[in-house]
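A.B. asks: Here it is: the structure, laid out below.
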Amino acid sequence: MSAAPLIGEALRLSIAAQLAGQFKGEIIGPDHGEYEEARLVWNAMIDRRPGLILRCTSTADVVAAVNVAREHGLPPSVRCGGHNVAGKAMSDGGLTIDLSGLREVTVDPERKLVHAGGGCLLGTVDAATAPHGLIVPAGIMSETGVAGLALGGGIGWFSRQHGLTCDQFVSVELVLASGEVIEVSADQHPDLFWALRGGGGNFGIVTRFTFAAHDFGPMMRIGVSLYDEEHAAQALREYARLVPALPRTVGWHAALKHDMPALPFVPPELVGRRVVMLFSMWLDDAEDPAGVEMIGRLCDVGEPLLKASTVLPFGGAVQHLIDVEFEDGHRYYTKEAHVAELADEAIDRLVDFWADMPMEGEVEIIGLGGAIGDVPEDATAFSNRGYLLWLNFAMRWDDPALDGEYIGMTREAVSGLKPWTGQGVYVNMLNFDEMDRVVEAFGGPGKYARLGRVKAQYDPENLFRANYNITPVGAAAPAPAPAPAP
Ligand SMILES: Cc1cc2nc3c(=O)[nH]c(=O)nc-3n(C[C@H](O)[C@H](O)[C@H](O)COP(=O)(O)OP(=O)(O)OC[C@H]3O[C@@H](n4cnc5c(N)ncnc54)[C@H](O)[C@@H]3O)c2cc1C
């Protein structure tokens, strides 16, 4: 298989003619007024110029776009929220299928089902479910795409109480490489249903998810405590000690922040300061006395500069708290690891890195456990369910001249933590310099081979390879996807 051809003017015109009358969305080439905006993704390190962007508005549009891709030998990149750190959403010179026109959400409150279009953002879904007192467990900020997040797993605020986003799949409408539209569920194409829960965008394009929703809120009780450099390690030690015994009705995360944003509970004198933040949330009734007691207790840990507990609307406020820190258009480098043990020495190293780090952003420690581990390891494609904590370095800056230095510092910090990190890596966070870890991210050779057999059944020619690719078993190694490192 050869590398994907770039799309020149002649091919663009020929595709536009082929789509005339059947494609209702936007056909966006380099001379289109929306091209410059349409080619942007979250991470400003990614600067790619697709030959053609097909912005779909319906399943029929996606079918037409996939048919074009297949007939012209153009392995498409697929864009939902554009949050993939390595820029997998955007093709360089080839075809991008943009799903931002598929953002319809309908809620069936009786059956507690949520139908969400394949281009939805987390905030789109939260806004639709909140009026019904329901949530679909997803991530921790509103602008991440549902599809990219859910197909790779989906870790977030509610994971301890209800599991991953992919654990909420009831069924999925999928456009296959052949252009056929199928419904996938535990009863229909069960092998594919297994693979879609963690196997990423390898098997087709999801045009609609049906999720199981859960009663919640809309109000959430949260607690925050902030620590300066002198008291940070002590607080994190307490955090590490308490985490294993917490009930699953509590989520508790730590963030080592370069500068504290002006959140509602932060007094002006702490805005902009380098602080460690412990953030707790009660994942049940906000007025439950047990929650009031628990959140109060977690806020008391160590010697905080500030502690505050409050009740906020989940979808309308909590899910937006970190949007400002991770807005589109900055340069980002992220690196993650599962935490095997948050030992004192590991905490000291983290604090040392944080205290000196010149770049903005934060080091996050996300509490896992609870319902994530209720699902057996081989029941879905998602792997490494057993960890209690997840570590993510989310670094941000604006000057391209600093790329090498800041990326190098981050890599060094993560590799210094090796004695305390576990096996595997979360597939949704694989960066451009970790493409040699794809098999590991999909659970190792055994699980990867099983995924490869499913892939061979549903995408034997590996049309969908501009992603963290699963090679169809029996096929030759694919040509590299048309998406080079920045
Ligand atoms: C600021 C930020 C916060 C994050 N927070 C969390 C978090 O809380 N929890 C968490 O688990 N992860 C989180 N992530 C990681 C996130 O899960 C991945 O970046 C994921 O890829 C984002 O999905 P997207 O749709 O926005 O990505 P995109 O870049 O649009 O797409 C990524 C890939 O997903 C696939 N894809 C997208 N849509 C479809 C579709 N409809 N059908 C088939 N394949 C599709 C394609 O292969 C595509 O290349 C975060 C990332 C960022 C940048």
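A.B. asks: Give me the pairs, please: first residue somewhere in segment 323-350 and at positive phi, second residue anywhere and at pLDDT 95 or above, beta-carbon distance under 7 Å, and either six or more positions apart or on two chains.
C.D. replies: G329/A44
A.B. asks: For E26, state whether it is touching a residue at least 24 places away in the same chain (Cβ under 8 Å) and more than 16 Å from the ligand (Cβ to nearest atom).
C.D. replies: So E26 fits the description; yes.
A.B. asks: Sticking with this one: Can you list the strands (runs of 3 or more DSSP E) found entirely within segment 195-273 that contain at least 3 residues being more than 23 Å from the chain's Cα centre (by Cα) and crowded, with 20+ Cβ neighbours inside 10 Å?
C.D. replies: Values: elements: 205-212, 219-227, 250-257.
Once the strands (runs of 3 or more DSSP E) in segment 195-273 are filtered for at least 3 residues that are more than 23 Å from the chain's Cα centre (by Cα) and crowded, with 20+ Cβ neighbours inside 10 Å, what remains is 219-227.
A.B. asks: Which strands (runs of 3 or more DSSP E) does segment 306-417 wholly contain that include 2 or more residues that are hydroxyl-bearing (S, T, Y) and under 23 Å from the mean Cα position of the chain (by Cα)?
C.D. replies: By residue number, 331-339.
A.B. asks: Now, a different point. Hey, E143 hits all of (1) closer than 21 Å to D323 by Cα; (2) more than 10 Å from the ligand (Cβ to nearest atom); (3) in a loop (DSSP other than H, G, I, E, B) but one; which does it fall short on?
C.D. replies: (2)
A.B. asks: Going residue by residue through segment 177-193, is there one that turns out to be assigned to a helix (DSSP H, G or I), modelled with pLDDT of 95 or more and touching a strand residue (DSSP E or B) at 6+ places or on another chain (Cβ under 8 Å)?
C.D. replies: Yes, the conditions are met somewhere in segment 177-193.
A.B. asks: Which one is nearest to the ligand (Cβ to nearest atom) among residues in segment 122-140 that are among the small types (G, A, S) and more than 10 Å from the chain's Cα centre (by Cα)?
C.D. replies: Among them, the one singled out is G123.
A.B. asks: OK, next. Between R70, R103, which is more than 15 Å from the chain's Cα centre (by Cα), more than 19 Å from F326 (Cα to Cα), within 13 Å of the ligand (Cβ to nearest atom) and not β-branched (V, I, T)?
C.D. replies: Every option except R103 fails the conditions.
A.B. asks: A further question on this structure: Starting from residues that are closer than 17 Å to P244 by Cα and within 30 Å of the chain's Cα centre (by Cα), keep the ones in segment 284-298 and report whichever is surrounded by the fewest Cβ atoms within 10 Å (Cβ to Cβ).
C.D. replies: M294
A.B. asks: For segment 45-77, which residues satisfy the criterion of being among the hydroxyl-bearing types (S, T, Y) and either surrounded by fewer than 21 Cβ atoms within 10 Å (Cβ to Cβ) or over 30 Å from Y332 (Cα atoms) (or both)? Before you say what the answer is, go through the steps one by one.
C.D. replies: Step one: filter segment 45-77 for residues among the hydroxyl-bearing types (S, T, Y), giving 57-59, 77.
T57, S58, T59, listed by residue number.
The values are calculated or read from the model by the stated rules, or taken from the named source; none is laboratory data. Since this is a predicted model, take the numbers as computed values, not measurements. Here Cβ is always computed from backbone atoms with ideal geometry, including for glycine, and neighbour counts include all displayed protein chains.
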